[in-house]
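Enquirer: Supplied in structure tokens, the structure appears directly below.
The values are calculated or read from the model by the stated rules, or taken from the named source; none is laboratory data. Everything quoted here is computed from the prediction, not taken from an experiment. Counting neighbours? That spans all protein chains shown, and the Cβs are built from the backbone with ideal geometry, glycine included. When the accessible area is computed, the model is the full protein with side chains, heavy atoms only, and any ligands, DNA or RNA have been set aside. Shrake-Rupley method; radii C 1.70, N 1.55, O 1.52, S 1.80 Å.
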Amino acid sequence: MQSTVYFSLGSNLGDRYLNLSECISLIDENVGEIKTISSIYKNSAQGFIGDYFYNCCVKVLTSHKPLELIDIILSIEKTMGRKTSNTQKYESRNIDIDIILYDDLVIDDNKLIVPHPRYINRSFVLVPLIEIDDKLVDPISKTMIKELLDKINSDEILDKIKFTYSKA
């Protein structure tokens, strides 16, 4: 059985565009069929001082169960050179992959929380999610994602960058 998963990808080290492209290729190879990729959105680092990020969202069809999926995602981050930190602080990274939504499931496990606990406060996640599917609904509040974006008190400016991805 296939499930629909929405990922948020971010990079603020090295060649951000290339990092996102490589990450999408690894998701395509290891997770499932890429259905839709948003534009890239450039935004400032949130919660720490660091270089700007490139962020995008990806819609994927997968046969992997949620807890299998988190292991695969962590493996992709490691393959791409992401260093794991023992601190809970935000820091610069060449790739960050978050599972935002998995079908309409609500998961609260020590390895995985879905929907992602902070996505409703992040315009750099909500804007590309809406670009992919403007009918998405948050499975907890049952609120449309575009309504969540309207509730954010943010003056953050997101620069939209066309993203052209093709399989290698």
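Enquirer: May I ask for the Rg/Rh ratio of the chain, computed from Cα atoms with Rh as the Kirkwood radius, given to two decimals?
Expert: Values: Rg = 14.9 Å, Rh = 16.1 Å.
Expressed as Rg/Rh, it is 0.92.
Enquirer: In addition: About its Cα centre, how strong a charge dipole does the stretch 1-86 have in debye, to the nearest 20, once Lys and Arg get +1 and Asp and Glu get -1 at the Cβ?
Expert: Numbers: 8 positive and 9 negative charges, 44 e Å.
Here the size comes out at about 220 debye.
Enquirer: Here's a follow-up. Starting from 0.36 nm per residue, how many nanometres of slack lie between LYS78 and TYR165 once their C-alpha separation is accounted for?
Expert: Working: separation 87, 0.36 × 87 = 31.32 nm, distance 2.19 nm.
Length gained, LYS78 through TYR165: 29.1 nm.
Enquirer: Another question about this same structure. Which length gain, in nm to one decimal place, applies between ILE152 and GLN46 when the Cα-Cα distance is subtracted from 0.36 nm times their residue separation?
Expert: Details: separation 106, 0.36 × 106 = 38.16 nm, distance 1.43 nm.
That pair, ILE152 and GLN46, stretches by 36.7 nm at full extension.
Enquirer: Here's a follow-up. How large a share of the accessible area of the stretch 9-125, in percent, is made up of carbon and sulfur atoms when the probe is 1.4 Å and the other protein chains stay in place?
Expert: Heavy-atom surface of the stretch 9-125 belonging to carbon and sulfur, 1.4 Å probe: 49 percent.
Enquirer: Report ³J(HN,Hα) in whole Hz for each residue of the stretch 30-39, in order, from the Karplus equation J = 6.51 cos²θ - 1.76 cosθ + 1.60 where θ = phi - 60°; Gly and Pro get x.
Expert: 10, 10, x, 6, 6, 9, 8, 10, 6, 5
Enquirer: A further question on this structure: How far apart, in nm, are two points set 7 Å out from the Cα along the Cα-to-Cβ line at ASP71 and at VAL106?
Expert: In this crude label model, ASP71 to VAL106 measures out at 2.7 nm.
Enquirer: Let me ask another. If you put +1 on each Lys and Arg Cβ and -1 on each Asp and Glu Cβ, how big is the dipole of the chain around its Cα centre, in Debye rounded to 20?
Expert: Details: 20 positive and 25 negative charges, 43 e Å.
Once rounded to the nearest 20, the dipole reads 200 debye.
Enquirer: So with the 1.4 Å probe, I'd like the accessible area per residue for the stretch 1-80, rounded to whole Å².
Expert: Details: 3470 Å² over 80 residues.
Roughly 43 Å² per residue, with all protein chains present.
Enquirer: Helix-only estimate, please: 222 nm mean residue ellipticity of the chain, summing -39500 (n - 2.57) across DSSP H runs of length 4 or more and dividing by its residues, to the nearest 500. All intermediate terms of the calculation are to be shown ahead of the outcome.
Expert: Numbers: 4 runs with 46 residues, N = 168.
Computed mean residue ellipticity for the chain: -8500 deg cm²/dmol.
Enquirer: Report, ordered by chain and residue number, the aspartates and glutamates lying within cross-link reach of LYS146, taken as a straight Cα distance under 12 Å and ignoring same-chain residues fewer than 8 apart.
Expert: Reachable aspartates and glutamates: GLU131, ASP133, ASP134, ASP138.
Enquirer: Would you calculate the separation in nanometres between label points at LEU18 and THR143, each defined as 7 Å from the Cα along the Cα-to-beta-carbon direction?
Expert: 4.1 nm
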